[in-house]
Amino acid sequence: MRTLIKNADVVFPTGIVAVSVLMENERIAVIDPAIHTTADETVDATGLHLLPGVIDDQVHFREPGLTHKEDLFTASRACAKGGVTTFLEMPNTIPNATTQELLDAKLAFAAEKSLVNYGFYIGATPHNLEDLKRAENTPGIKIFIGSSTGDLLVDDQEALERIFAETTLPITAHCEDESTVRANVERYRGIADVAVHSKIRDVAAATIATRRAIDLAVRHRHRFHVLHVSTGEEADILGDYFAGVGEYAGVGADPARRFITAEACPHHLLLNVDDYARLGTLAQMNPSLKSADDNRRLWEALRDGRIQVVATDHAPHTLEEKRRPYPQSPSGMPIVENSLALMLNEVHRGRCSLEQVVQWMCDAPARVWDIVDKGRIAVGYDADLVLVDLHCRHTIRNAEQLTKCGWSAWDGVELVGLPVRTWVRGREVYRDGLTNDAVRGAAAQFDHVRGGYWSSV
Ligand code: DOR
């Protein structure tokens, strides 16, 4: 099967070029093919931009065990619509994915059900060090240094030291300090206004845990990715690390010797504590939303490279669950279906460039997790592609969401910029509102010998 995409503006790491792209079977075969090249299908993409498919390195897709909220079929359809061609899923399913056997079970579910490509993290517990040391076919190890949805938690210093000292896979973590959160729960007990969530999971909780995790990574010289940075303070800690100042003197300043990366999510970039009044518990997330000033500081950190990745933390719960009174309401919101559109809207607003969006959502996550042949448009790479219309004005509607939970915090919000067609390994999986449910993705390959973001070209 050969598909020729003509007349698109193609986004490469080096810039945007108007050039044709030929996919052959699962791969990108030729860039700028000869004018007489023929194909089984020719797509006239005049006026559209061609991007590598988005790689979302932080999603919660709920299968197995919580499939009333989402499952790998519904979630992957939402991905296809959103231009996300590869997802990396978190281990807080039921059972928690904490052994190779449970990881393999998830890979088998995904092979059967997922329209897009996939990978699954192994979850750390205080007792599964041997499983973490042996794990394979995974992007890495996820530690909940503070608890969130579910019961995964490793807060004990000795257990954390051993994980960082004795494992070799890249590590990533949910950083909110458990004792700070617990103390704040007592302090604010009885307050039912969801806005208190940001006082319970406060700036200190995030910064204490992020500092602690970076300290572990630096002392053990272990690759580490900070998930969902939510505060300006954490961005400043990352700045100190990259500048090699203070406690990070001698580390971080030399890009060749760096091993820490970080991520921000659309909700922490675009929403803040003022949104509780409008959204109520729909805006309840872990880490919590912070201030408008934190929004601004996270954008700054993305632009100046202290944060390298944008991912969603897609965390679906049913509307019925979300509408329970706080604190019975669960934390999390679905985003994967709209993340690229939300970021294209920021391109329209002039907050960032399209090239930056591709850098943060496609190229950087592939490099952080050593994903083979993905993340950019290059000959020989997988034909995971998305066509976007930068000028399309559209409104997010709950009724049109493909995520099983059927809602979005951006319901009723008008955006400019929309993914319109998506290909996974050369097969069209989404076009103008319709998914091709017969397409199946494949397991992403992780070549950890590459050494991660800072080692890659
Ligand atoms: O708000 C959140 N919800 N944050 C997390 O880290 C987990 C997620 C979930 O799984 O619901």
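The values are calculated or read from the model by the stated rules, or taken from the named source; none is laboratory data. These numbers were taken from a predicted model, which means no experiment stands behind them. When we count neighbours, we look across all protein chains shown, and the Cβ atoms used for this are built from the backbone with ideal geometry, even at glycine. Side chains are part of the model used for accessible areas, which takes the heavy atoms of the whole protein and leaves out ligands, DNA and RNA. Shrake-Rupley method; radii C 1.70, N 1.55, O 1.52, S 1.80 Å.
Summary of values
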quantity: Protein-only accessible surface order, largest first, of LYS290, LYS133, LYS199 at 1.4 Å; calculated: LYS199, LYS133, LYS290
quantity: Rounded if a/c under 1.5, otherwise prolate or oblate - segment 53-375, Cα gyration tensor axes; calculated: rounded
quantity: Residues whose placed amide H lies under 5 Å from that of VAL10, excluding near-sequence neighbours; calculated: VAL17, ALA18, VAL19, LEU50
quantity: Crossing angle, helix 178-187 versus the chain [Cα axis fit, 0-90 degrees, rounded to tens]; calculated: 60 degrees
quantity: Angle in degrees between helix 157-166 and the longest Cα principal axis of the chain, rounded to the nearest 10; calculated: 40 degrees
quantity: Cα long-axis angle, helix 72-82 against the chain (0 to 90 degrees, to the nearest 10); calculated: 60 degrees
quantity: Local net charge near ALA206, Cβ-Cβ under 9 Å (Lys/Arg +1, Asp/Glu -1); calculated: -3
quantity: Local electrostatic count at VAL11 - Lys and Arg +1, Asp and Glu -1, tallied over other residues with Cβ under 11 Å; calculated: -2
quantity: Among the listed pairs LYS133/LYS199; LYS113/LYS404; LYS69/LYS133, those beyond 26 Å (Cα-Cα); calculated: LYS133/LYS199; LYS69/LYS133
quantity: For the chain: relative contact order, % (alpha-carbon pairs under 8 angstrom, 6 or more apart); calculated: 21 percent
quantity: Cα gyration tensor shape for segment 295-386, rounded if a/c is under 1.5, else prolate or oblate; calculated: prolate
quantity: CD proxy at 222 nm, helix term only [per DSSP H run n ≥ 4: -39500 (n - 2.57); per residue of the chain; nearest 500]; calculated: -8000 deg cm²/dmol
quantity: Positive-pole candidate from HIS228, GLY119, ALA444, dipole of the chain, charges at beta carbon; calculated: HIS228
quantity: Burial order of peptide ranges 281-287, 149-155, 22-28 (average beta-carbon count within 10 Å, highest first); calculated: 281-287, 22-28, 149-155
